[in-house]
Structures are given as structure tokens and as C-alpha cells.
């Protein structure tokens, strides 16, 4: 046991402390000291970008992406694939919508067109800009926010690629985007998954 007076460990079978001679039976025991839980250490990486700035940046980027999608499907000759989905849903037979006249050809053209427009172009756009020297898409640059890793450093292409595709998780009932408004570090689910932050651009 420990002596309540000097705090040193002493023989529990004795009445007096072998170090200071205090009567260990008559002295009140010192209350146990409980260490206060340490707060999560958050490195000083800067000011987190809020929901409003990120939303405006998103709108700007979506406008630019629509333009890039139109250019991309035109260059690769995929406009017909975009149209085929509309005509097929309107009841047009597959035989009348492709040169081969087969269902496989129809769905092949649709998958190619929408794959480029909805997956390839957005991925290259976001991952390319956010892993570049600017660490931001044009929309984010306009709103003076940048993407970083959890320590405030420039993210890798692989990290922002994970961040981009994790947005599909954030899209579930938009809960992942709503989290930006309420989370401590202003992170959406996709930011948390990829270990990223969105910070105000430093002058």
C-alpha cells in the first residue's frame, strides 16, 4: 500500500509508514487522482471550408462539367448513345436505334456514352485538379478553398480518387453532404473515408 502522508509504498502489515513514520491507519487516505481524458489533438492545419463555400464551388464545377461532358461525348462520337437511352425509354425498338440492330449494340452505346459523361470525365476533372499544384477545382479556386490530406498537406492522386468515388456514399439521402454542415472539421463522409480536409486558401 502507499502512505497517505508521503506517498511512498510501504508495508501493508505495519501500522506506521516505514519511510516517514506516520500512523497509516489514522491518516485519511488520499483520494485517487484520475487523469482527465486528453482531448483529441487536432493539428493546426488552417480554417475549415464551410458548407456555403463548398456548395457554391460545387455549382460552378457542375456547370463546367456539363460543358466538358458535351465536348467529350462529341469528340468520341458518343452523342448517339446519350440519345439512345431517351428513345429506348420512349418505346423505340432496339433494332431501329443502332446500325447492328441488336440489344447488345444499343446498351453498349448507352453504357459507353454515360460512362464517359458520368464517371470518366468527372473523375479526371476532380482528381486531376485536386491533386494538382493548386489542390482545387476551378469552382474551389473561385471560393478560395483547397483540398488537403488530414495533416494539411497536398493530397495524392490516389487519395482524391478515393475521395471522388466515396461521394457516391455521401449521395445516399445526401447525408454525407449534410454532415459537412455539422461535423467538427467540416467533413463530408467522402472526406472522412479518404482522410481529406477542405481548407480556406492561405494568402
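Readers should treat all values here as calculations from the given coordinates under stated rules, not as data from a laboratory. Since the structure is predicted, the reported quantities are computational estimates derived from the model, not experimental observations.
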For segment 172-203 versus segment 101-115, the gap between their alpha-carbon centres in whole angstrom: 36 Å
Quick note, segment 51-200: a/c under 1.5 would make it rounded; otherwise a/b > b/c is prolate and the rest oblate (a ≥ b ≥ c, C-alpha gyration tensor); here it is prolate
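Taking square-rooted eigenvalues a ≥ b ≥ c of the alpha carbon gyration tensor, is segment 115-203 rounded, prolate or oblate, where a/c under 1.5 means rounded and, failing that, a/b exceeding b/c means prolate? Walk me through the numbers on the way to the answer.
Working: a/c = 1.56, a/b = 1.04, b/c = 1.50.
It is oblate, given that a/c is not under 1.5 and a/b is not larger than b/c.
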